[in-house]
Amino acid sequence: LFICIDHVGIAVPDLDEAIAYHAEKFGWRELHREVNEEQGVAEAMIGTGEQGAENAKIQLLAPLNEESTIAKFIDKKGPGLQQLAYRVADIDHVSEVLRSRGVRLLYPEPKRGTAGSRINFVHPKDAGGVLLEIVELAN
Ligand code: V0V
């Protein structure tokens, strides 16, 4: 059902600062950056950038405003790991299977995620305290 771990998301107060920190200290490269108004985030995907060797990426998530889920997360828990994302080939199929197994998804239909991907989430209260994202990448 699931292909691999696509990324882990870290809530950060300041995107540029976080990108610079991970680049300077660990050598991660910025692979992609965008603003997603609907999700209330300015985000960046960082990783090795090595063709063929790319593993799960890290998604740095900064809040766009005080209503952002990321702002709420940082207020409550402080910066840190916010989500774990599983990659799937067909999110409609996987959603159907998960629902048939009694797993509740946050959105009735997938929403737009990073780089044109389609995303949905399992609430952390249903998944052992971890916000689980399922993501179908754009081709
Ligand atoms: C909240 N809680 C979490 C959590 N967020 N626990 C673990 N990980 C998280 N990320 C806990 C919180 O401590 C509370 O526990 C309880 O859940 C209810 O929290 P709340 O503050 O009242 O929050 P809610 O219920 O208003 O919102 C939580 C949900 C929200 C998960 C529904 O964050 C959401 O809609 N998330 C999905 C969208 C999202 O995260 N977008 C940003 C990433 P106690 O205190 O009751 O024990 S955008 C993205 O990933 C993109 C674009 C992409 O990947 O492409």
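The values are calculated or read from the model by the stated rules, or taken from the named source; none is laboratory data. This one's a predicted model, so the numbers in the text were calculated from it and none came from an experiment. Because the Cβ atoms are built from the backbone with ideal geometry, glycine has one as well, and the counts that use them run over all protein chains shown. SASA here: full protein model, heavy atoms, side chains in, ligands and nucleic acids out. Shrake-Rupley method; radii C 1.70, N 1.55, O 1.52, S 1.80 Å.
Details
- The accessible-area ordering, largest first, of the residues Thr114, Thr69 stands as Thr69, Thr114, per a 1.4 angstrom probe.
- Take the Cβ atoms of Ala20 and Asp90, set R0 to 35 Å, and the FRET efficiency comes out at 0.40.
- Cα-based Rg of segment 4-136 normalised by 2.2 N^0.38 Å, two decimals: 1.04
- DSSP-assigned coil residues among trypsin sites (Lys or Arg not before Pro) in segment 42-139, each with at most 10 further Cβ atoms within 10 Å: Arg101
- Based on DSSP H segments of at least four residues, each scored -39500 (n - 2.57), the chain has a per-residue ellipticity at 222 nm of -6500 deg cm²/dmol.
- Among the chymotrypsin sites (Phe, Trp or Tyr not before Pro) within segment 1-101, those in coil by DSSP and having at most 14 neighbouring Cβ atoms inside 10 Å are Phe2.
- Per residue, in Å², the accessible surface of the chain once ligands and nucleic acids are set aside, probe 1.4 Å: 58 Å²
- Rounded to 5, the percent of DSSP beta bridges in the chain classed as antiparallel: 75 percent
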